[in-house]
Structure formats: structure tokens, C-alpha cells
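Colleague: Take a look at this one; I'll ask things after.
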Amino acid sequence: MNVKTRFSPSPTGFLHLGNIRTALYSWLFAKNKNGKFILRIDDSDCKRVKKEAIENIMESLIWLNLRWDDRPYFQSERFDRYNFILDKMILDGYAYKCYCSRNRLDELRKNQLLKKEKPRYDGYCRYNMNKRKKVVENNSLFVVRFCNPIKGKVVFYDLIRGIIQFNNQELDDFIIKRSDGSLTYNFCSVIDDIDMSITHVFRGEEHINNTPKQINIFHSLNASIPKYVHLSTVFGDNKKKLSKRCHSMQIMQFRDDGFLPEALLNYLIRLGWSHKNQEIFSIEEMIQLFDINCINKSSSILNKKKLLWLNKYYIRTLPAEKVVTYLKWCMDKQNISVKNYPKIVDLVNIFCDRFYTLKDMAINFRYFYQDTEYINSNLIKKYLSKTTKKSLKIVSEKLNCIKKWTKEEISLALNETAKELNVKINEINMPVRVAITSMECSPNISLIIYIIGRKNSVKRINMVLELIQ
């Protein structure tokens, strides 16, 4: 079998972690089997399509390096094909036009609910051809319904859930073309899977109820049925199901928050799949080890702390040059130019152990490239009082007098200032830290001063001295 999978998101909102986990599993399975991974945009419902959502889908997959084979496919480009198949199905007796009014359908539903029956279409236009002809003469609007089998069962084998079956009596003659001429998901998806020779369908468990409808359409077209893999739901840390409306769970928001794609993919593969007790996986290992039999049936709950731990791990272990390619994007977002000294790759090598996200790293690296323009009033009140003015002056003078500019000599100058004033070293370091970085927390201040350099360090201290009243 030539394996071919697809990721077919609906562009009505931005991708979240659950969507991308589905894409990842589908992509990994295809790569593991030397198959193809297809991107198909399910944009048949033109009224709900958002252009920015289509851009988000592609941008997310590219950022994560989940590259698709062939070109992206769009359902909106295939309407002629769908309608050709639809007309053939009507001629062959597998679909029919339904002219029932909204009032009739509402009344039917109301009566079924009163009788405690499952609401379903009663097949009126399927079985009353003569009565239907009278309605057609009035040029009424119509929908097209699929002639669902009346008897028997739909039985299929889900590759992680086993045998699943539905009685055809539970399924009604569902709509495959709406009165406005638009086509429905279940119909278009089947035609696409046939035309694209899809062999395996990875999707969320919420689609299980769509599967018997789609299988019946496959049967009506005498087509091969793909194998199905219905993935369990991913819940947020608030125990609620992920939604396209949840901004914090959108994929590109993780990029904006400073997460590495390697960390996100590593986190997602473990969100319902495992290989022994291994936690860290390179992309190559994911492809080599991915096995459907190791996918868990249970739902998953996001754990932001674990994702942060993984992100810190990858910041620390990936080649600094690779981290820099992502960090520069974050620095640009913070309007920080890294053209001047120091080299950003050197900063990554020195400080990679300290940060959980690239966004935090970018914010903290600002003071290496930009002079302090604003210091929080609370920090001024806490650390830059008249009592610290003397110590800052002494530090400034000592930094200017250092002959050999090293971290050790800078540390010695700070310690000498503390001894001269008979105060603890922290009472010297903190005002200096705030003056130079405008932050309360930073790496070792002697190292910061060394990297920023004598000229800029002294300049910043002197600028703060002018602010102290």
C-alpha cells in the first residue's frame, strides 16, 4: 500500500494544539511509511471561511516544519467535480432532491421529541414521488439528501479503538447539498479522499459519528474506504475542550510567546503517544519510532509546566546558531536591533541555562543593545535613593580606572566599594543592576557589565546619577 494521509482543517478559525497534534500524527505516520502527507483546506462553506485563517494554517505548518507533499488543495476549487458526482448519484438513485419546507421539518422534529424519538428526517421526499412533483412545479427551493440504507449496520475498524458499529436505522437521509447550493462536509470529504487516494484518516474523536455516513457514501460510489484513526480529545489546563476561539492555545501564539517548534512538537507527540519511558524525541526519532499501536485512547490534559521545561531543554541543547534564528524574530518583535556588539550567538551560549522562553530571553537581552530609557518608579524608590548615590559614584569611578577589563576585575571593584562603605555586597550590586539593566533580576552583574563594556556601563550609571534627587 502506498500510504497517503491528509490534514484537512476548516479555515473558520486559527489552529490550536489539538489540531496540530492531529497534523503531527498524520505527518509522522506518512513519513514513517515513506508515504505522502497532503494539506487540504476544507473551505467548501464559503460563508464561514476566513482568509486570515487559511494564512494561519499554512504559516503554522511551515513554522513547525510539517511540510506537505504536492500543492495545497482547496475544496473551493473543486465545486464542478462535486456537482458532477452529485448529479450522477441522483441519476443512480443514491441521492434525491428534498423540497420539504422549514415549517414541515420543524413540525416533524417537534412531534418526534414529544414521542421521545430521536429527531431524524422521515424520508418524505424519498418515498412520495408523486406528491413531490406537485411541489417541484412551484419551483420551490430544495436540498439534496443522501439515500442512506434502511437496514443493516455500518461496521468499521478504528486503528486505536477497535471495531465500531452503527445501525443504519439510527442514521437519516442527511443533507449533502444545501438549498443555497453549497455542499456539506461529509460529502466533499468523501469525494476528496477518493480522488486523492487517501489511505489513512487521522482526526478527532468528535468525527466518529460522521464516519458511518461517509462510509455509506463510499459504498454508494463503489470506492475503497480509508482506515480511520480517531484521536482522543485534548483539554486545556482548565479542563475545557480546546477551541479555535481560545487565543492562548493558538499555535502562532506559542511562537509569539517564545516557544521553539522542536519543543512544541516534542510536547505534542507525548500528548497521547508514548515509546517506553522516553520523554525527549528528535524529529528523526519521532518518524522512526511512531507507531499507531502506541497511541493512547484516553483524553489528554495540557501541562504548561512540562512544555516550559521542554522549551528550556531545547534552548539549552540545540545549537546556539539555530536558537538564534528563532530568537532574532523575537528580538525584532521587541524592536531590538542586534546589529551592534555583542554577538547574539555569544549571549545565547552564555545565558541559555537561564530562560524558559525566547520571549523572556529577548526582553532580558534588551539591555545589551539599548541604553536604559525608562526605569520603573518602584525600582527607583526601592534602589535608587540618595543613600545609593555615593556608592554608584564610586562604582562609576572604579570602572573607569580598571586597566584590564575582565569580569574578575569588575567583581573586585564592586566588592571594594562594599568594603569602603561598610555595606553588604548586595547593597552595591542591586542599585548598579537597576541602573544598567533597568531590571531587578538579571544574571551576574559583573558579567553583564563586562559584556556591555566600560563605556556604556559608566554612561548608564552616570545617567541614573542625574535622576537621583
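Colleague: Check residue 201: other-chain or 5+ apart residues with amide H under 5 Å from its amide H, H built from backbone geometry?
Modeller: Long-range HN contacts for residue 201: 227, 228, 229.
Colleague: Can I ask one more? Once fully extended, how much extra length lies between residue 390 and residue 58, figured as 0.36 nm per residue of separation less the alpha-carbon to alpha-carbon distance? Display every interim value, and only then the final one.
Modeller: On the way: separation 332, 0.36 × 332 = 119.52 nm, distance 5.76 nm.
The span from residue 390 to residue 58 would gain 113.8 nm if fully extended.
Colleague: Now, a different point. Which whole-Hz couplings ³J(HN,Hα) result when phi for each residue of the stretch 280-294 is put into the Karplus expression 6.51 cos²θ - 1.76 cosθ + 1.60, θ = phi - 60°, listed in order with x for Gly and Pro?
Modeller: 9, 9, 6, 4, 4, 5, 4, 5, 5, 9, 4, 9, 4, 5, 9
Colleague: Can you pick out the pairs among 115/151; 240/328; 88/115; 359/404 whose Cα atoms lie more than 32 Å from each other? Can you show the working numbers first?
Modeller: Working: 115/151 22 Å; 240/328 34 Å; 88/115 37 Å; 359/404 34 Å.
240/328; 88/115; 359/404, as the Cα separations exceed 32 Å there.
Colleague: On to the next question. Around residue 235, which amide H atoms from residues at least 5 apart in sequence, or from another chain, sit under 5 Å from its own amide H, with H modelled in the peptide plane?
Modeller: Under 5 Å from the amide H of residue 235 lie the amide H atoms of 300, 301, 302, each far enough along the sequence or on another chain.
Colleague: Write down the percent of antiparallel bridges among all DSSP beta bridges whose residues are both part of the chain, to the nearest 5.
Modeller: Values: 16 of 32 bridges.
Within the chain, antiparallel bridges account for around 50 percent of the total.
Colleague: Turning to a different aspect of this structure: Give me, ordered by chain and number, the residues 5 or more places off residue 158 or on other chains with an amide H under 5 Å from its own placed amide H.
Modeller: So residue 158 has HN proximity to 163, 164.
Colleague: How far, in degrees from 0 to 90, does helix 426-437 lean away from the longest principal axis of the Cα atoms of the chain, to the nearest 10?
Modeller: Roughly 60 degrees, rounded to the nearest 10.
Colleague: Here's a follow-up. As a test, work out the antiparallel percent of DSSP beta bridges whose residues both lie in the stretch 129-284, rounded to the nearest 5. Working shown, then result.
Modeller: Values: 10 of 16 bridges.
Just about 60 percent of them are antiparallel.
Colleague: Between residue 47 and residue 238, what is the spin-label point distance in nm, taking each point 7 Å from the Cα along the Cα→C-beta axis?
Modeller: Result for the modelled spin labels: 2.9 nm.
Colleague: Sorted by packing (mean other beta-carbon atoms within 10 Å per residue), highest first, where do 22-32, 281-291, 57-67 land?
Modeller: Packing order, densest peptide first, comes out as 22-32, 57-67, 281-291.
Colleague: Can you give the angle from 0 to 90° between the axis of helix 211-220 and the longest principal axis of the chain, with both taken from C-alpha atoms, to the nearest 10?
Modeller: Between the helix axis and the principal axis of the chain, the angle is about 50 degrees.
Colleague: I've got another one for you. Please compute the Kirkwood hydrodynamic radius of the stretch 377-467 from all pairs of different C-alpha atoms, in Å with one decimal.
Modeller: 12.8 Å
Colleague: For labels at residue 377 and residue 343 in the simple 7 Å Cα→Cβ model, what's the distance in nm?
Modeller: About 4.4 nm, to one decimal.
Colleague: On to the next question. Can you give the helix-only mean residue ellipticity at 222 nm for the chain, where every DSSP H stretch with n ≥ 4 adds -39500 (n - 2.57) and the sum goes over all residues, rounded to the nearest 500 deg cm²/dmol?
Modeller: Working: 21 runs with 230 residues, N = 469.
Computed ellipticity for the chain at 222 nm equals -15000 deg cm²/dmol.
Colleague: So what's the stretch 82-177 giving for Cα Rg divided by 2.2 N^0.38 Å, two decimals?
Modeller: On the way: Rg = 15.7 Å, N = 96, 2.2 N^0.38 = 12.5 Å.
Here the answer is 1.26, to two decimals.
Colleague: Here is a further query. Using only the alpha carbons, work out the radius of gyration and Dmax of the stretch 337-410 in angstrom.
Modeller: Using the Cα atoms of the stretch 337-410, the pair Rg, Dmax is 15.5, 39 Å.
Colleague: Treating the angle as unsigned and between 0 and 90°, give the value, to the nearest 10°, between the Cα long axis of helix 102-114 and the longest Cα principal axis of the chain.
Modeller: Its long axis makes an angle of about 90 degrees.
Colleague: Taking 31 Å as the cut-off for C-alpha to C-alpha distance, list the pairs among 110/153; 118/304; 312/390 that go past it. Numbers along the way, then the final one.
Modeller: Numbers: 110/153 27 Å; 118/304 41 Å; 312/390 40 Å.
Listed pairs above 31 Å: 118/304; 312/390.
Colleague: Per residue of the stretch 6-13, in order, report the coupling 6.51 cos²θ - 1.76 cosθ + 1.60 (Karplus, θ = phi - 60°) as ³J(HN,Hα) in whole Hz, putting x for Gly and Pro.
Modeller: Result, rounded to whole Hz: 8, 10, 10, x, 8, x, 9, x.
Colleague: Which aspartates and glutamates have a Cα lying under 19 Å from the Cα of residue 47, excluding residues fewer than 8 positions away in the same chain?
Modeller: Straight-line reach from residue 47, under 19 Å: 55, 77, 80, 180.
Colleague: In whole Hz, what ³J(HN,Hα) sequence does the stretch 318-333 give by Karplus (6.51, -1.76, 1.60; θ = phi - 60°), x for Gly and Pro?
Modeller: Per residue, the Karplus-derived 3J(HN,Hα) values read 5, x, 4, 4, 6, 4, 4, 4, 7, 5, 4, 4, 5, 5, 4, 4 Hz.
Colleague: Another question, if that's okay. Which aspartates and glutamates does residue 381 reach when only Cα atoms under 18 Å apart count, and residues fewer than 8 places away in its own chain are ignored?
Modeller: Correct list for residue 381: 373, 427, 440, 466.
Colleague: As an exercise, find the ratio Rg/Rh for the stretch 15-141 from alpha-carbon atoms, using the Kirkwood inverse-distance average for Rh.
Modeller: Computed over Cα atoms, the ratio is 1.13.
Colleague: Please work out which option in [x] 106, 46, 40; [y] 64, 60, 42; [z] 67, 50, 41 gives Cα extents along the principal axes in Å calculated from these coordinates, and answer with its label.
Modeller: The calculated read-out lines up with [x].
Colleague: Got a number for the accessible area of residue 321? Probe 1.4 Å, square angstrom, nearest 10.
Modeller: Accessible area of residue 321: about 120 Å².
The values are calculated or read from the model by the stated rules, or taken from the named source; none is laboratory data. Treat the numbers as computed from the prediction; the structure is a model and nothing was measured. Every residue, glycine among them, receives a Cβ derived from its backbone with ideal geometry; neighbour counts consider all protein chains shown. Side chains included, ligands, DNA and RNA excluded: accessible areas come from the protein's heavy atoms. Shrake-Rupley method; radii C 1.70, N 1.55, O 1.52, S 1.80 Å.
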